[in-house]
Amino acid sequence: MLKGKHIILGITGSIAAFKSAVLCRLLVSAGAEVKVVMTPLAKQFITPLTMATLSQHPILVDFFNPENGEWNSHVKLGEWADLYLIAPATANTMAKMSAGVADNLLLTTYLSARCPVAVAPAMDLDMYAHVATQRNMEQLREDGVHIIEPGSGFLASGLVGKGRMAEPEQIVAAVEHIFSEKKKSLEGKHFLVTAGATIEAIDPVRFISNHSSGKMGYAIAESLAERGAEVTLVSGRTALAAPRNVRRIDVLSAEQMWQECVARFGECDGAVMCAAVADYTPAVVAEHKLKKGDGDMKIELRRTKDIAATLGADKGGRLLVGFAMETECEMEHAEQKLQRKNFDFIVLNSLREAGAGFRGDTNVVTLIDKQGSESLPLMTKREVADRIVDKIENLLTK
Ligand code: C5P
């Protein structure tokens with residue numbers, strides 16, 4: 001099962017690091033290719049020479065090789081891996097992981113890794129039981145990290161209790177279990193998602209925009225990625241962080257969003273157009289801040305390009321999902337858009353419903369396709385996203 005799998009073995013500064021040698025040997029014997037990343041302190045517990053010999057690769061500790069300046073790319077390492085296994089994982093490293101701190105190569109690799117991540121905690125019983133450690137582990141679990149529970153027994157401190165790193169054989173069994181988990185339903189599919197509000201500059205200081213928070217589009221990107229899809233999120237203005245395993249491309253204007261989407265749609269299996277794109281943009285952007293005068297002022301606006309319609313016109317066999325936010329004749333307008341932009345289905349959210357629309361964490365939507373419509377009850381945006389992705393999955397497997 002581990003044959004040909006690429007595994008990064010991360011080792012942190014715990015006495016349990018002596019077990020990492022056996023762990024590495026077991027992984028390699030099972031056919032995995034193992035690259036070892038160590039924190040600086042881990043080198044005090046087990047020598048790089050031991051780990052390099054067992055893994056058959058040089059050990060990575062620093063961002064670059066001080067001898068020749070060669071860069072140890074955590075990004076490439078993160079892309080290479082099928083699994084990132086951190087064993088032992090100290091309380092300190094888990095705290096930093098949960099907070100997104102990136103002050104060593106082991107941690108930057110964690111932030112770059114697109115693969116599943118597993119940690120095997122190792123520490124003294126009181127450190128393990130501490131509310132802060134438990135809180136950090138809970139956060140990691142929520143972030144999708146697999147926790148390989150420590151066992152109870154004799155600890156290096158002389159105390160007896162829970163905190164002892166799982167035995168190498170148990171860790172290998174946990175790793176095999178992670179690889180055997182059901183193949184994800186959208187693996188091998190690539191989706192483009194637009195989200196957030198575009199910004200149309202009037203002058204270097206002012207702009208035209210809208211109330212979109214990006215929450216709905218980000219939830220869709222997250223849901224797609226969790227089912228194994230490769231997701232490119234072209235994002236306008238939002239205060240949100242990119243979901244895990246999603247490639248985010250930041251844009252400002254409708255024109256920039258159009259360019260990014262048109263350039264990428266060809267390589268995708270589908271797109272979900274969730275962004276609130278400006279329909280009009282200032283005809284000219286003033287080079288300097290506009291001065292106020294005594295009278296009123298007019299800004300001439302010109303139409304922006306319709307991204308969804310452009311993609312819809314050249315859709316081929318790809319799937320295209322749109323959104324509509326209407327305040328009157330909702331169904332009629334949404335159906336017109338479905339036709340005009342060549343969507344496979346459209347998600348109508350009505351501003352008239354309580355709990356729907358901008359900024360909030362909930363939404364009330366109706367999914368409309370050529371066959372008919374389905375109204376969903378009030379749900380969180382993440383639940384709505386899952387229902388939309390269910391429909392995408394059904395259409396792709398038809
Ligand atoms: O025509 P309207 O803006 O109401 O259409 C909404 C749908 O079209 C949404 O899916 C939105 O993301 C998309 N759209 C777009 N480019 C535009 C305007 C809207 O992709 N310029």
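The values are calculated or read from the model by the stated rules, or taken from the named source; none is laboratory data. Here the structure is a predicted model, which means the values were calculated and not measured. Cβ atoms come from the backbone with ideal geometry, glycine included; neighbour counts cover every protein chain shown. These accessible areas exclude ligands, DNA and RNA; they are computed on the full protein's heavy atoms, side chains included. Shrake-Rupley method; radii C 1.70, N 1.55, O 1.52, S 1.80 Å.
Checking each residue in the range 273-293 for being more than 12 Å from THR310 (Cβ to Cβ) and either among the hydroxyl-bearing types (Ser, Thr, Tyr) or near the ligand (Cβ under 8 Å from one of its atoms) (or both) picks out CYS274, ALA275, ALA276, ALA278, ASP279, TYR280, THR281.
Being in contact (Cβ under 8 Å) with a residue 24 or more places away in the chain and either in contact with a His (Cβ under 6 Å, 6 or more places away or on another chain) or open to solvent by 80 Å² or more (accessible area, probe 1.4 Å) (or both) is the filter here; which residues of the range 355-377 pass it? Of everything in the range 355-377, those that are in contact (Cβ under 8 Å) with a residue 24 or more places away in the chain and either in contact with a His (Cβ under 6 Å, 6 or more places away or on another chain) or open to solvent by 80 Å² or more (accessible area, probe 1.4 Å) (or both) turn out to be PHE358, ARG359, ASP361, LYS370. Looking at MET325, MET331, just one residue is near the ligand (Cβ under 9 Å from one of its atoms) and within 20 Å of VAL364 (Cβ to Cβ), and that residue is MET325.
Find the residue count for the range 311-322, including only residues that are in a strand (DSSP E or B) and either away from the ligand (no atom under 12 Å from the Cβ) or more than 20 Å from GLY196 (Cβ to Cβ) (or both). Show your work before the answer.
If we filter the range 311-322 for residues that are in a strand (DSSP E or B), which is where we start, we get 319-322.
Filter once more, keeping what is either away from the ligand (no atom under 12 Å from the Cβ) or more than 20 Å from GLY196 (Cβ to Cβ) (or both): 319.
Summing the residues that are in a strand (DSSP E or B) and either away from the ligand (no atom under 12 Å from the Cβ) or more than 20 Å from GLY196 (Cβ to Cβ) (or both) in the range 311-322 gives 1.
Within the range 334-360, the set of residues being more than 9 Å from the ligand (Cβ to nearest atom) and within 27 Å of the chain's Cα centre (by Cα) comprises ASP344, PHE345, LEU348, ASN349, GLY355, ALA356, GLY357, PHE358, ARG359, GLY360.
Before we move on, is LYS291 open to solvent by 80 Å² or more (accessible area, probe 1.4 Å), in the same structural domain as VAL364 (by TED's automatic domain parsing), part of a loop (DSSP other than H, G, I, E, B) and out of contact with any strand residue (DSSP E or B) (no Cβ under 6 Å at 6 or more places or on another chain)? I'd like the intermediate steps shown before the answer.
Values: open to solvent by 80 Å² or more (accessible area, probe 1.4 Å): yes; in the same structural domain as VAL364 (by TED's automatic domain parsing): yes; part of a loop (DSSP other than H, G, I, E, B): yes; out of contact with any strand residue (DSSP E or B) (no Cβ under 6 Å at 6 or more places or on another chain): yes.
Yes.
For SER223, indicate whether it is over 14 Å from the mean Cα position of the chain (by Cα) and hydroxyl-bearing (Ser, Thr, Tyr). For SER223, the condition - over 14 Å from the mean Cα position of the chain (by Cα) and hydroxyl-bearing (Ser, Thr, Tyr) - is not met. For the range 256-266, the condition holds for no residue, the condition being that it is surrounded by 18 or more Cβ atoms within 10 Å (Cβ to Cβ) and closer than 30 Å to LEU85 by Cα.
I'm trying to understand the selection: among the residues of the range 294-310, which are within 16 Å of the ligand (Cβ to nearest atom), in contact with a strand residue (DSSP E or B) (Cβ under 8 Å, 6 or more places away or on another chain) and either among the aliphatic types (A, V, I, L, M) or at pLDDT below 95 (or both)? Of everything in the range 294-310, those that are within 16 Å of the ligand (Cβ to nearest atom), in contact with a strand residue (DSSP E or B) (Cβ under 8 Å, 6 or more places away or on another chain) and either among the aliphatic types (A, V, I, L, M) or at pLDDT below 95 (or both) turn out to be LEU301, ILE307, ALA308.
Yes or no: LYS305 touching a helix residue (DSSP H, G or I) at 6+ places or on another chain (Cβ under 7 Å) and open to solvent by 80 Å² or more (accessible area, probe 1.4 Å)?
Working: touching a helix residue (DSSP H, G or I) at 6+ places or on another chain (Cβ under 7 Å): yes; open to solvent by 80 Å² or more (accessible area, probe 1.4 Å): yes.
It is true that LYS305 is touching a helix residue (DSSP H, G or I) at 6+ places or on another chain (Cβ under 7 Å) and open to solvent by 80 Å² or more (accessible area, probe 1.4 Å).
Within the range 23-77, the residues that satisfy the criterion of being under 16 Å from THR109 (Cβ atoms) and either among the hydroxyl-bearing types (Ser, Thr, Tyr) or not assigned by TED's automatic domain parsing to the domain that holds ALA87 (or both) are THR39, SER55, SER73. Take THR133 and tell me if it is among the polar types (S, T, N, Q), without any contact (Cβ under 8 Å) to a residue 60 or more places away in the chain and open to solvent by less than 30 Å² (accessible area, probe 1.4 Å). Taking the combined requirement at face value, the residue satisfies it. The selection criterion, being open to solvent by 20 Å² or more (accessible area, probe 1.4 Å), within 21 Å of ALA324 (Cα to Cα) and either modelled with pLDDT under 95 or of a type in the set (A, V, I, L, M) (or both), does not hold for VAL272.
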